[in-house]
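The next block holds one structure in the form of structure tokens; read it before the comments.
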Amino acid sequence: MIQSKHPLAQSIIQRCQAHNIKHIVISPGSRNAPLTIGFTANDFFECYSIIDERSAGFFALGIAQQLQQPVALVCTSGSALVNYYPAVVEAFYSRIPLVVISADRPDHLINIGDGQTITQPHIFASHILYEANLKEVIKKSFIKSFKDNDSLITKALEFAYTAKGPVHINAPFSDSLYETVEVLKEDFDINLSCTIDPSVSLPKSLIKKWYSSKKKMILVGVNTPESVKQSYLDLIGEDPSVVVLTETTSNLHHTNFFSSIDQLITPLDATDFEALQPEILLTFGGMVVSKKIKTFLRSYAPKLHWHIDPVQANDTFFCLTKHYKCSVNNFLKQLVSTSGSPVESQYFKTWNQVKKIRLEKHKDYMKSIPFCDFKVFDSVLKHIPSSSMVQSSNSSTIRYLQLFNLNSSLTVFCNRGTSGIDGSTSTAVGASCVSEKPTVFITGDLSFFYDSNALWNNYIPSNFRIIIINNRGGGIFRILPGNKNSENFSTFFETNHTLTAKSISEHFMFDYASASSSDELNPQWDDFYATSQRPKILEIFTPSSENDRILLSYFDFIK
């Protein structure tokens, strides 16, 4: 088997194979040639070529998001590495394992004016779990350098697995970058000993407090589909003293759960908030979208807040009392299998009645409003085929999704680690490449145009669908507080524009359709989701001047 002559490149590739890291996203360059040669010559690896490093970072993140396993990024030296930073930060806060492997020049060529060099060690600062700054293997210290490097590489890969996040391996290579050697192909025993499934024994005092409390709230943020056993959820869903609030990205479903948090709590007054205030708050999952629930729980704090996560707990509501470092299934199994019986309570019943009223008024409101963003989301969500994967961009898009009950067969993902718009499309494309489900990406116009290089690759499946809600600017800024009539608002906040995605669609060989009214939109759904030879874009134009008024009036209407 052909490999680079550089021993350091061989070590990195061997360690990645030994740790079962199969997916390698490579951005073309020269300094990383030893790595590119080695990865692409080994049929164990699935290699992707993405020229734009910023897009490549999010493409890899999308793959890792779906597989829940580390994915490697490989780039050349210099500014190429810096372009990974947005994806690295997202991976850090979303707990998604990425292995960034950067080629570098040897130490003696750094900061002397040599081309394409920057100081690469420590470049990701506090947004990386572990970094391995390797040394070039030279003859006079070959054995020691080899062992030291191998130890650092192994440790970095194990951190990616166990701590669930990004790691950085920086590898210096001298010239003669393209020289190769023949090496024997090795069969590695895949090393998965670094994966963990922690468990704890819950104290009897906790279980006693749980079953004696009449007002318990469970809040679930970003959560991997099918990661929590449904049988545990079913038992919790029948407890009259429990209200379960689920974000759209939680991917949990039960008829007794409250899936539209803002719809439930935004119209509440102080008396209502006091009635909803839980005695015990139990949380698990990642970041929470709803600002309303954050404000509520910070203002009306529970007596006890327990968070379940094997690694970390964010004190999002400033009232965390206990972090249980175990799997969610381990915790819930002990909680629901105890001999205790649910306490008598009106907590669920009271708020379920409120939910029913909200849902009826929601339906009435949808019938009463003209064509707008809100109306479009209603139509979009009614027509997504069952068992699809939905990828959402940030800002307005994910917030609108939070106001609807989604088909329970859908899986929903969004980059909520940093909540940026910069890589949503690239993430969706990467996710679609490894998912068996057809992917529907729902995005706003600014998010789409910002990340249009995401379409510049050869891996997009023909069943990939993009829905762009084009309201000619950053619609989120019309919803947020502020002076919408100021002289600079449309330029520096809303960023008005007249762009459409038609030419981009043609350039990247997507089928394209558009709509500007319900009459134009509704007949298009069957054709949009029909089997095709190419992926498709549907661009829906809405009136920016009306969208904010209609959304804000919604919360008054459903009181």
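Throughout, read-outs are computed from the coordinates displayed, never taken from laboratory work. The model shown is predicted, which means the values in this text are computed figures rather than measured ones. Neighbour counts run over all protein chains shown; Cβ positions are idealised from the backbone, glycine included.
Okay, here's what the table says:
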{"item": "Of (1) 39, 31, 22; (2) 55, 32, 25; (3) 43, 31, 20, the label for semi-axes √(5λ) of the Cα gyration tensor in Å derived from the coordinates", "result": "(3)"}
{"item": "Sequence of L297, L304, L268 once ranked by neighbouring C-beta atoms within 10 Å, starting from the fewest", "result": "L268, L304, L297"}
{"item": "Under the Karplus curve 6.51 cos²θ - 1.76 cosθ + 1.60, θ = phi - 60°, whole-Hz ³J(HN,Hα) for region 548-559, x wherever Gly or Pro sits", "result": "5, 4, 5, 5, 5, 5, 4, 5, 6, 5, 8, 4"}
{"item": "Order of V390, V380 under a 10 Å beta carbon neighbour criterion, fewest first", "result": "V380, V390"}
{"item": "Between region 148-172 and region 228-295, the Cα center-to-center distance that results, in Å", "result": "37"}
{"item": "Cα-centred dipole magnitude for region 326-385, charges only on beta-carbon of K, R (+1) and D, E (-1), debye, nearest 20", "result": "120"}
{"item": "Most to least packed among 416-422, 331-337, 96-102, 465-471 [average Cβ atoms within 10 Å]", "result": "96-102, 465-471, 416-422, 331-337"}
{"item": "Segments 362-370, 521-529 sorted - mean Cβ within 10 Å per residue, highest first", "result": "521-529, 362-370"}
{"item": "Global geometry of region 369-557, whether rounded, prolate or oblate, following the gyration tensor of its Cα atoms and the 1.5 cut on a/c", "result": "prolate"}
{"item": "Residue-span extension gain [E344 to D148] - 0.36 nm each, minus C-alpha spacing", "result": "64.4 nm"}
{"item": "Amide H within-cut-off set for I218, under 5 Å, with H built and near neighbours excluded", "result": "V243, V244, L245, L282"}
{"item": "For F557, net neighbour charge (Lys/Arg +1, Asp/Glu -1) across residues whose Cβ lies under 9 Å away", "result": "0"}
{"item": "Burial order of peptide ranges 167-176, 316-325 (average beta-carbon count within 10 Å, highest first)", "result": "167-176, 316-325"}
{"item": "Computed lengthening from D364 to V311, 0.36 nm per intervening residue step minus Cα-Cα distance", "result": "14.7 nm"}
{"item": "Shape category assigned to region 2-182 from the gyration tensor of Cα positions, a/c cut at 1.5", "result": "rounded"}
{"item": "Gain on full stretching of the segment that runs from A125 to I112 - 0.36 nm per residue minus C-alpha separation", "result": "2.4 nm"}
{"item": "Integer Hz, Karplus 6.51/-1.76/1.60 couplings in order for region 72-82, x for Gly and Pro", "result": "9, 10, 10, 9, 7, 7, x, 5, 3, 5, 4"}
{"item": "Net +/- balance of residues flanking Q312 in space, Cβ distance below 10 Å, scoring K and R +1, D and E -1", "result": "+2"}
{"item": "Per-pair calculated FRET efficiency, R0 = 22 Å: L552 and H254 via Cβ, rounded to 0.05", "result": "0.15"}
{"item": "Gap separating the Cα centres of region 29-67 and region 299-347, nearest whole Å", "result": "40"}
{"item": "Entries of K209/K363; K536/K559; K208/K325; K215/K356; K214/K355; K209/K361 with Cα pairs more than 30 Å apart", "result": "K209/K363; K536/K559; K209/K361"}
{"item": "Derived scalar couplings ³J(HN,Hα) [region 9-20; Karplus, 6.51 cos²θ - 1.76 cosθ + 1.60; whole Hz; x for Gly, Pro]", "result": "5, 4, 4, 4, 5, 5, 5, 4, 5, 5, 9, 6"}
{"item": "Tilt relative to the chain, helix 142-159 - C-alpha long axis, 0 to 90 degrees, to 10", "result": "10"}
{"item": "For L73, distant residues with modelled amide H under 5 Å away", "result": "V25, V99, V100, I101"}
{"item": "Residue (of P70, S49, V88) at the positive-pole extreme of region 38-109, dipole from beta-carbon charges", "result": "V88"}
{"item": "Residues of type lysines that K147 reaches as a straight line, Cα spacing below 21 Å, ignoring anything fewer than 8 places off in the same chain", "result": "K5, K135, K139, K155, K185"}
{"item": "Residue-averaged 222 nm ellipticity for the chain, from DSSP H runs of 4+ at -39500 (n - 2.57), nearest 500", "result": "-10500 deg cm²/dmol"}
{"item": "Fraction of beta bridges assigned by DSSP in the chain that are antiparallel (%, nearest 5)", "result": "5"}
{"item": "Paramagnetic label zone (point 7 Å from Cα along Cα-to-C-beta, K5; backbone N under 18 Å) in region 31-55", "result": "31-39"}
{"item": "Per-pair calculated FRET efficiency, R0 = 30 Å: N83 and S199 via Cβ, rounded to 0.05", "result": "0.15"}
{"item": "Hypothetical label at M509: residues of region 531-548 whose amide nitrogen lies under 17 Å (7 Å Cα-Cβ projection)", "result": "532-537"}
{"item": "Label-point separation in nm, T498 to K214, each point 7 Å along Cα→Cβ", "result": "6.4"}
